[in-house]
Amino acid sequence: MEKITFGTDGVRGKANEELTGMLAYRLAQAASRVLGQNPSAHRVAIARDTRISGHMLESALASGLMSNGLDAVLCGVMPTPAMGFLIDCHKADFGIMISASHNPYEDNGIKLFSSKGIKLADAIEAQIEEEYINGAENANGGPIGVYSHDSSGRNYYIHKVSQYIGKQAINGLKIAVDCANGAASSLAADLFAALNAHALLAHCEPDGYNINTACGSTHPESIAQITSQTGSDLGLAFDGDADRLIACTSEGEILDGDALLYIFANYLKGKGMLPERKIAITVMSNSGLASSLRKNGISVVETGVGDRYVLEEMLASGIALGGEQSGHIINMAFSSTGDGIANGAALAKIMCETGKSAKELVDGYEPNPQVTINANVSNKSKEKTMGDSEICIAIEKLTAKYKNQGKVLVRASGTEAKIRVMVEGADLNSATQDAKELAAFIEKRAGQL
C-alpha cells in the first residue's frame, strides 16, 4: 500500500488525485485502531470546511470509522478551532477535521485531534502511518458503527466564545470581518451578534470553489481596503478553516501574527496572566518581535515551524501564549488550539477595555525588513530537492551573507507544494532580491532532479 505522510498540519494533497476517497477510508480505519480505545464512547466527531471535496472525504472517513465499529458524528461545516469543543460536546474518542486551511479549493486535508482536542504528537501520527501501511485493509467482520448528523456543537462553540469574551465586552465596536468564503461563514454572523458587535461580513458566500480566493488571511489587502472604506474600527481576516487571524487597523495597516502576539503578550503581562513573562514563537517570526518584547520585559522561546510544535513547548514549559507569524495564535486561557475567531474577538475586547485603537496597541513593535518567497515544487520532490547538494551550497552561501545582519530560513512547506525562502536583513530590497534569486534557483534545480 502507498505511504501516507503527516505534514505540519495533517495529511494534505490534491483532492481526488493525491487525497482520494480510498485513502481517507483506509486512514480512518488506521486511526480508529490507534485512537478508538474508549469503550464507553466509540464515536468520532467529523467536521469540514466549505471545499466541494469535503463531502466526498467526509463520507469516506465516516465509512472507514463505521467499518471498524465506531460511530461517526457529522458536525457539518465548522472551523478547525471548534474541534476541541465538538469532541467535548459529543464525548468523542477523537476528532477529524477535513480542511486544507489556507490552500486553494483544489487541495484538501485530514487533521486528527486527540480526545483532549489537541493535534496528535509525531509519535502517534507515526503509529497511524504504520497502521495504514501494514494494518488490515478491509473490515474483519466485527461490529459496525452508524452515522448521525448533529449540529449542536455549533451553538456550544458560540456559547464558549461568548463566555470567554463577555457578551458586552465589544458592544458597539464596528468590525469588518473577512470569512474567506470558508468555515467561519457558517457562524460568524451569529457569533458576533451574540457579542453585540457591529460586524460587517465580507467573503461570506462559499460555493465550494471560492474558499481563500483573493480573500482571507492570505490576502489581507482585501480586509485592509474594506476596513478603511467602511470606517470600521478594526478588520479581521480568517483563513479557510478559521484557525488563523490577520488583522488590520482602522487605517488599513495590516497586523500579522507577530504584531498580534506583541499586542496579546503586553496585555496579558499587564493583567498578570503571562507566566514568567514568556511566550513561544517559531523560527519564522521576525527578529524584531523578540527585541521589541524584550524592551517590555518579555522573553521568547523559539520552536520549529507549526502550531503543533508551539503548543508542545507551551505545554512543556507552562507558557500561556504562543503562535506563528502566519496568524496561528494559541491563548491557553481559552483553548489549546489556534482560534482566529476567538482571537479576533479578544483583540476587539482589548481595544474596548484599554480605550486604545489597534494602531496604538501595536505601537512599540519594530519589525525588521523581512520577506518570504515561495519556490513551487511538487509534494513528492520536496524532500529530494531540499537534500540536493547544489541547493544546500546556495543556502549556505546566502546564510553566511546574512550572518551578522539578519537571518535566512529555507524550509519545505508542511501544507503546500512549496519550499519557502525567508530572508531578513537590514534592507528590504536586497533581502527580496536575494530571496527571489534563491527561490528561482531552487525551482530550476527541482525541475532537473
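Residues in the stretch 308-321: is at least one at pLDDT below 95, farther than 23 Å from Val283 by Cα and not acidic (Asp, Glu)?
For the stretch 308-321, residues at pLDDT below 95, farther than 23 Å from Val283 by Cα and not acidic (Asp, Glu): absent.
Can you pull out the residues in the stretch 323-349 that are in a loop (DSSP other than H, G, I, E, B), open to solvent by less than 20 Å² (accessible area, probe 1.4 Å) and out of contact with any Leu (no Cβ under 9 Å at 6 or more places or on another chain)?
If we filter the stretch 323-349 for residues that are in a loop (DSSP other than H, G, I, E, B), which is where we start, we get 324-327, 332-339.
Now restrict to residues that are open to solvent by less than 20 Å² (accessible area, probe 1.4 Å): 324, 327, 335, 337-339.
Passing the criteria: only Ser335.
When you check Glu302 against the structure, is it closer than 23 Å to Thr80 by Cβ and free of Cβ contacts under 8 Å to residues at least 60 places away in the same chain, yes or no?
no
Give me the pairs: first residue in the stretch 372-385 and part of a helix (DSSP H, G or I), second residue modelled with pLDDT under 85 and surrounded by fewer than 17 Cβ atoms within 10 Å (Cβ to Cβ), beta-carbon distance under 8 Å, and six or more apart or on different chains, which are they?
As it stands, the answer is Ser381/Leu449; Lys384/Leu449; Thr385/Leu449, since those pairs meet every condition given.
Yes/no per residue for (1) in contact with a strand residue (DSSP E or B) (Cβ under 8 Å, 6 or more places away or on another chain); (2) on the phi < 0 side of the Ramachandran plot; (3) among the small types (Gly, Ala, Ser):
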| position | (1), (2), (3) |
| --- | --- |
| Val161 | no, yes, no |
| Asp178 | yes, yes, no |
| Ala194 | no, yes, yes |
| Ala202 | yes, yes, yes |
| Ala214 | no, no, yes |
| Ser217 | yes, yes, yes |
| Gly231 | yes, no, yes |
| Leu234 | yes, yes, no |
| Asp239 | no, yes, no |
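For the stretch 2-10, does any single residue satisfy the condition of being open to solvent by 10 Å² or more (accessible area, probe 1.4 Å) and at pLDDT 90 or above?
No, the stretch 2-10 contains no residue that is open to solvent by 10 Å² or more (accessible area, probe 1.4 Å) and at pLDDT 90 or above.
Please specify each residue of the stretch 415-449 satisfying the condition of being touching a helix residue (DSSP H, G or I) at 6+ places or on another chain (Cβ under 8 Å), under 21 Å from Gly288 (Cβ atoms) and not in a helix (DSSP H, G or I).
Selection gives Val421, Met422, Val423, Glu424, Gly425.
Pairs needed: first member in the stretch 122-138, more than 19 Å from Ile96 (Cα to Cα) and open to solvent by 50 Å² or more (accessible area, probe 1.4 Å); second member anywhere, of a type outside the set (Asp, Glu) and modelled with pLDDT of 85 or more; C-beta distance under 7 Å; at least 6 residues apart or different chains.
Glu137/Arg26
Filter the helices (runs of 4 or more DSSP H) completely within the stretch 246-322 down to those with at least 1 residues that are β-branched (Val, Ile, Thr) and within 18 Å of the chain's Cα centre (by Cα).
Details: elements: 257-270, 287-294, 307-317.
Helices (runs of 4 or more DSSP H) meeting the threshold: 307-317.
The values are calculated or read from the model by the stated rules, or taken from the named source; none is laboratory data. Everything quoted here is computed from the prediction, not taken from an experiment. Cβ atoms come from the backbone with ideal geometry, glycine included; neighbour counts cover every protein chain shown. Please note that ligands, DNA and RNA were not included when accessible areas were found on the heavy atoms of the full protein model with its side chains. Shrake-Rupley method; radii C 1.70, N 1.55, O 1.52, S 1.80 Å.
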